[in-house]
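For reference, the structure discussed in these notes is given below.
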Amino acid sequence: MRISIELAVLLAVLAGLIAFAFGAERFYLQLFSKIMILAIFAMSLDLLVGYTGLVSFGHAAFYGLGAYTLWALSPETAAASFYLSLPASMAVAAVAALAIGLLVLRSSGVYFIMVTLAFSQMFFYFAQRSKSLGGSDGVYVNVRPDPTVLGFTPFNLGRPQQFYLVVLALMVLTYVLLRYVNASLFGRVLVGIKSNEARMRSLGFATYRYKLAAFVLAGALAGLAGYLDAAQFGFVNPGLFGWQLSGEVLMMVILGGMGTLHGPILGAFALVLIQDLFSDATKHWLLPMGIFIILAVLALPHGIAPWLKRFSPRAD
Amino acid sequence: MPDSVVFFFIQVLNGVQYGLLLFLVASGLTLVFGIMGIINLAHGSFYMIGAYLTYALTEATGQLWLAILLALPIAIVLGLALETILIRPLYRRDHLYQVLLTYGLILALEECRSLLFGDDVHGVAVPAIFDYSIPLTGALSYPVYRLVLSGVCLALAGAMWLVVQKTRLGMAIRAGYSNREMAASLGIDIGMLYRLVFAAGVALAAFAGMIAVPIASVFPGMGNQILIVSFVVVVIGGIGSIKGAFVSSLLIGLADTFGQVYAPAIAGMSVYVLMAAVLLWRPEGLFGRRA
Amino acid sequence: MAEAILAARGLSRRFGGLTAVRDVTLDLRPGEIHAVIGPNGAGKTTLVNLLSGELAPSAGSILFEGHEIAGMSAPAIAQRGIARSYQRVNVFPDFSAFENCRLAAQSRVTSSLRLARSRRDLAEKAREMLGLVGLEDTRRPASAMSHGERRQLEIAMTLAMSPKVLLLDEPLAGMGIEESRRMTDLIRGLAANHAVLLVEHDMDAVFSVAQILTVMVDGAVLASGDPESVRRNRAVQDAYLGAGNA
């Protein structure tokens with residue numbers, strides 16, 4: 001009985017988001033596309049933070065890698081193949097996550113936070129100083145990726161409505177994938193690790209491997225989000241690796257409610273809308289933003305989502 | 001002595017000087033974490049606050065030393081105020097919330113800086129008495145102020161060592177590292193200890209920012225820049241270990257300086273490569289305790 | 001007498017200047033309940049931690065089924081068939097009793113991307129173990145259960161691992177008379193299919209189930225043998241039993 005209420009709500013929301021594509025103005029289509037890209041990013045972080053208990057403050061590293069990979073694969077005046085560039089971006093992010101994970105996952109707690117931050121900054125500084133990567137001015141994806149195959153073009157990413165629908169589809173796919181992972185044997189191990197890692201080890205689970213796998217999956221999905229970011233506006237810059245973005249996405253997960261998957265989606269909507277509210281009001285919008293974050297952390301230890309707890313797909 | 005050797009020697013001096021400055025900032029970070037269990041992302045912001053306050057007060061009074069004398073208590077009071085209002089609620093909460101709250105704090109503090117001082121880069125002149133260089137060879141000389149800087153940092157490091165090893169407060173700090181409950185049962189007022197430690201951390205970071213102004217200037221983002229490097233120092237040195245912070249600060253100071261001069265292509269990366277190497281060998285840092 | 005399935009030889013563990021376990025030699029045979037008793041601070045829990053792999057020994061060897069396992073990681077040792085329960089309850093507080101046991105049972109299989117609920121055998125095992133210790137299968141999180149219930153859960157989880165060797169660290173601590181009796185009966189029944197190392201303070205329970213008794217004092221073995229001869233041992237009486245603990 002409970003499950004079907006949850007499913008009904010999800011389908012209703014999905015229907016609403018699809019309908020939105022056919023009614024909304026260009027500006028809102030682009031805004032919601034941006035939000036859904038960040039939602040994918042936030043869900044990928046939730047896998048780490050909310051499910052496995054790994055607090056990463058450097059998740060933007062993989063977002064940036066996804067974006068820069070699209071740029072690297074995009075010719076100056078032509079489009080990259082959608083079918084090649086998208087998996088490639090995710091693969092690059094995944095490989096980086098594997099390398100970093102091997103180094104970082106043997107550290108616990110606070111170390112992990114600090115080291116993930118440091119590694120994402122490494123990418124930032126590298127991108128900023130590297131002339132071949134455009135330095136601090138950034139680079140441009142001049143033509144959006146093209147999904148043409150055998151002469152047939154299923155969609156045009158240059159049209160905001162179609163871009164929106166593609167992003168929506170990918171967001172739904174990510175959600176379904178992560179829900180499935182959570183319900184799998186592998187997912188149960190992750191949740192167990194978050195709850196009591198020491199006990200998991202004494203039960204016989206080699207927890208390091210599972211954390212690494214989760215880290216790689218999360219990195220790959222973050223790369224997908226970064227890819228879509230680059231595909232949307234074409235502007236790729238070192239800030240996509242930055243700690244500010246890492247902090248933002250972490251905030252989305254917490255604000256919306258971690259460990260719920262729909263929480264990060266809500267958090268992405270909430271945070272972007274709040275950001276827009278503040279930046280419309282003042283040039284120095286980071287000040288009210290910072291204050292908002294401080295107050296939110298003090299006031300809302302568990303985020304918005306627990307109020308909707310009845311629909312939570314949490315461990316039972 | 002050939003110029004190239006002297007040049008090398010100069011880089012060593014520069015590396016040590018940067019490392020010692022870094023130590024002041026990083027030691028505060030590791031102290032606060034080791035004793036209070038708080039990860040404070042806004043720690044670098046105090047470096048920035050110290051620097052900007054010094055710049056503003058030097059402009060106002062014309063004297064660097066006076067500016068520092070005035071700025072230091074202001075920075076400490078600000079730090080204690082923040083500790084009381086924002087940090088204290090975080091004592092028993094997950095590191096996740098500490099990270100997020102102090103992240104929000106960085107954003108707010110950076111923007112306040114922008115509002116109060118603008119976004120330009122500013123400099124402050126080296127005080128006249130130190131504004132000369134010691135000649136080393138025909139072409140090369142070394143600025144006295146940098147030597148003074150190193151001397152001051154070294155003196156502070158020595159004072160820190162004395163306090164931690166030889167005083168009751170130091171005993172409390174060492175007890176606090178290993179066992180908070182034990183320190184409490186020893187009759188040490190934990191609340192007072194925490195306030196002292198936090199104030200010390202703020203003072204160290206702010207002071208570092210203050211004395212570095214004549215050679216490093218003040219610029220937007222300076223706080224975050226030094227914060228990241230401080231994190232690397234703490235990771236390499238081992239959380240909670242002042243000795244570790246000292247050793248790794250010097251290592252990083254030298255690695256970064258030599259990297260900039262002899263291999264500018266990978267400059268800035270040398271620090272991270274060093275961190276990766278240490279992590280491979282000892283995940284808990286050079287002097288850290290195994291989990 | 002059967003071969004020892006788990007054997008410690010000259011096992012020691014130092015923490016800086018403190019020697020918590022000193023040159024301990026001990027045999028555990030299948031079908032046998034071997035109790036380890038002694039005053040607080042005798043090193044009993046440290047011994048369990050050494051055998052389970054949570055602590056690495058400073059010296060000595062541990063043989064399981066003839067193979068050296070000293071220095072192996074806790075997960076590796078658990079996978080070989082050694083399970084331990086904790087003196088201070090160490091369950092998953094956010095999960096229900098059922099999920100706690102199901103997860104423990106899952107440690108025996110490959111945790112693939114198969115849906116967890118498709119493995120009905122794990123659910124079966126969990127329910128079976130809960131029934132064995134006398135716990136109801138409610139959906140309450142473990143944090144909402146009573147202390148005694150969590151103790152029962154602790155044992156159920158250990159059993160759900162289908163181990164060959166059980167290291168039970170004070171399973172009766174804090175239990176009432178009725179619960180203790182039930183747990184003692186359960187432990188006695190376990191001997192049939194497991195080798196059990198039982199660390200306990202409850203002497204009635206110890207003398208009613210154990211075939212072998214080892215007394216530890218100050219990290220070292222003071223005496224070891226069948227319960228009656230140990231009980232009559234002068235040194236043991238002076239150090240432990242004679243102090244009114246019998």
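The values are calculated or read from the model by the stated rules, or taken from the named source; none is laboratory data. Bear in mind the structure is a predicted one, so any value in this text is a computation, not a measurement. Every residue, glycine as well, gets a Cβ built from its backbone with ideal geometry; the counts of neighbours run over all protein chains shown.
Mind listing whichever residues of region A:34-65 are surrounded by fewer than 24 Cβ atoms within 10 Å (Cβ to Cβ), not in a loop (DSSP other than H, G, I, E, B) and not aliphatic (A, V, I, L, M)?
The one that is surrounded by fewer than 24 Cβ atoms within 10 Å (Cβ to Cβ), not in a loop (DSSP other than H, G, I, E, B) and not aliphatic (A, V, I, L, M): A:Lys34.
Table: residues versus (1) touching a strand residue (DSSP E or B) at 6+ places or on another chain (Cβ under 9 Å); (2) under 15 Å from C:Leu28 (Cβ atoms).
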site	(1), (2)
C:Gly189	no, no
C:Val199	yes, yes
C:Phe207	yes, no
C:Ile212	yes, yes
C:Ala220	yes, no
C:Gly225	yes, yes
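With the checklist (1) surrounded by fewer than 18 Cβ atoms within 10 Å (Cβ to Cβ); (2) within 14 Å of chain A (Cβ to nearest Cβ); (3) in a helix (DSSP H, G or I) in hand, flag the one item B:Arg93 doesn't pass.
With respect to (1) surrounded by fewer than 18 Cβ atoms within 10 Å (Cβ to Cβ); (2) within 14 Å of chain A (Cβ to nearest Cβ); (3) in a helix (DSSP H, G or I), B:Arg93 is out only on (3).
For B:Ile106, indicate whether it is over 22 Å from A:Ala296 (Cβ atoms), assigned to a helix (DSSP H, G or I), among the aliphatic types (A, V, I, L, M) and in contact with a helix residue (DSSP H, G or I) (Cβ under 6 Å, 6 or more places away or on another chain). Please lay out each step first, then the result.
On the way: over 22 Å from A:Ala296 (Cβ atoms): no; assigned to a helix (DSSP H, G or I): yes; among the aliphatic types (A, V, I, L, M): yes; in contact with a helix residue (DSSP H, G or I) (Cβ under 6 Å, 6 or more places away or on another chain): yes.
No.
Condition first: among the β-branched types (Val, Ile, Thr) and more than 10 Å from chain A (Cβ to nearest Cβ). Can you find one or more residues in region B:246-254 that meet it?
yes
Can you tell me which residue in region B:126-175 is nearest to B:Ser4 (Cα to Cα), limited to those that are buried (at least 16 other Cβ atoms within 10 Å of the Cβ) and among the small types (Gly, Ala, Ser)?
Step by step, filter region B:126-175, then rank; the result is B:Ser150.
May I ask you to verify whether A:Ala198 is within 14 Å of chain C (Cβ to nearest Cβ) and either touching a residue at least 12 places away in the same chain (Cβ under 8 Å) or surrounded by fewer than 23 Cβ atoms within 10 Å (Cβ to Cβ) (or both)?
Against the criterion (within 14 Å of chain C (Cβ to nearest Cβ) and either touching a residue at least 12 places away in the same chain (Cβ under 8 Å) or surrounded by fewer than 23 Cβ atoms within 10 Å (Cβ to Cβ) (or both)), A:Ala198 qualifies.
Considering only residues that are more than 23 Å from the chain's Cα centre (by Cα) and over 27 Å from B:Leu154 (Cβ atoms), look in region B:279-288 and name the one that is nearest to the other protein chains (Cβ to nearest Cβ).
My answer is B:Leu280.
Got at least one residue in region B:256-278 being under 21 Å from A:Tyr111 (Cβ atoms), in a loop (DSSP other than H, G, I, E, B), more than 10 Å from chain A (Cβ to nearest Cβ) and of a type outside the set (A, V, I, L, M)?
no
I'd like to check something: does region B:114-123 contain any residue that is assigned to a helix (DSSP H, G or I), within 14 Å of another protein chain (Cβ to nearest Cβ), in contact with a helix residue (DSSP H, G or I) (Cβ under 7 Å, 6 or more places away or on another chain) and touching a residue at least 60 places away in the same chain (Cβ under 8 Å)?
There is at least one residue in region B:114-123 that is assigned to a helix (DSSP H, G or I), within 14 Å of another protein chain (Cβ to nearest Cβ), in contact with a helix residue (DSSP H, G or I) (Cβ under 7 Å, 6 or more places away or on another chain) and touching a residue at least 60 places away in the same chain (Cβ under 8 Å).
Among the candidates B:Phe130, B:Phe117, which residue alone is under 24 Å from B:Gly19 (Cβ atoms) and aromatic (Phe, Trp, Tyr)?
That would be B:Phe130, the only listed residue that is under 24 Å from B:Gly19 (Cβ atoms) and aromatic (Phe, Trp, Tyr).
Looking at region A:158-186, which of its residues are crowded, with 18+ Cβ neighbours inside 10 Å, among the hydrophobic types (A, V, I, L, M, F, W, C) and more than 14 Å from chain C (Cβ to nearest Cβ)?
A:Phe163, A:Leu165, A:Val166, A:Val167, A:Leu168, A:Leu170, A:Met171
Would you pick out the residues in region C:136-177 that are assigned to a helix (DSSP H, G or I) and not aliphatic (A, V, I, L, M)?
C:Ser143, C:His147, C:Gly148, C:Glu149, C:Arg150, C:Arg151, C:Gln152, C:Glu154, C:Thr158
Has region A:281-288 got at least one residue that is buried (at least 20 other Cβ atoms within 10 Å of the Cβ), at pLDDT below 95 and more than 12 Å from chain B (Cβ to nearest Cβ)?
No, region A:281-288 contains no residue that is buried (at least 20 other Cβ atoms within 10 Å of the Cβ), at pLDDT below 95 and more than 12 Å from chain B (Cβ to nearest Cβ).
Of all residues being aliphatic (A, V, I, L, M) and in contact with an Asp or Glu (Cβ under 9 Å, 6 or more places away or on another chain) in region A:185-239, which is farthest from A:Asn142 (Cα to Cα)? Just the residue, please.
Among them, the one singled out is A:Ala198.
Among the listed residues B:Ala51, B:Ala26, identify the single one that is touching a strand residue (DSSP E or B) at 6+ places or on another chain (Cβ under 7 Å), modelled with pLDDT of 90 or more and in a helix (DSSP H, G or I).
Answer to the selection: B:Ala51.
Go through region A:66-101 and report how many residues are among the β-branched types (Val, Ile, Thr) and assigned to a loop (DSSP other than H, G, I, E, B).
Residues in region A:66-101 being among the β-branched types (Val, Ile, Thr) and assigned to a loop (DSSP other than H, G, I, E, B): 1 in total.
In region B:58-77, how many are at pLDDT 90 or above and either closer than 28 Å to A:Leu245 by Cβ or not in a helix (DSSP H, G or I) (or both)?
The total comes to 0.
Name the residue, out of A:Phe112, A:Phe126, that is part of a helix (DSSP H, G or I), touching a Phe, Trp or Tyr at 6+ places or on another chain (Cβ under 9 Å) and over 23 Å from A:Asn182 (Cα atoms).
That would be A:Phe126, the only listed residue that is part of a helix (DSSP H, G or I), touching a Phe, Trp or Tyr at 6+ places or on another chain (Cβ under 9 Å) and over 23 Å from A:Asn182 (Cα atoms).
May I ask you to list the residues in region B:163-186 that are under 23 Å from B:Leu80 (Cα atoms), modelled with pLDDT under 70 and not hydroxyl-bearing (Ser, Thr, Tyr)?
Once the filter is applied, which keeps residues that are under 23 Å from B:Leu80 (Cα atoms), modelled with pLDDT under 70 and not hydroxyl-bearing (Ser, Thr, Tyr), region B:163-186 yields B:Ala175, B:Gly176, B:Arg180, B:Ala183, B:Ala184.
Hey, among A:Gly135, A:Gly158, A:Gly109, A:Gly101, which residue is small (Gly, Ala, Ser), at pLDDT below 90 and under 28 Å from A:His262 (Cβ atoms)? Lay out the reasoning, then the answer.
Numbers: A:Gly135 fails: under 28 Å from A:His262 (Cβ atoms); A:Gly158 fails: under 28 Å from A:His262 (Cβ atoms); A:Gly101 fails: at pLDDT below 90.
Checking each option against the conditions leaves just A:Gly109.
Given (1) within 14 Å of chain A (Cβ to nearest Cβ); (2) surrounded by fewer than 22 Cβ atoms within 10 Å (Cβ to Cβ); (3) under 22 Å from B:Met222 (Cα atoms), identify the lone condition not met by B:Leu80.
(1)
Quick one: in region A:101-141, which of the residues that are more than 9 Å from every other protein chain (Cβ to nearest Cβ) and β-branched (Val, Ile, Thr) is nearest to A:Leu245 (Cα to Cα)?
By that ranking, first place goes to A:Thr116.
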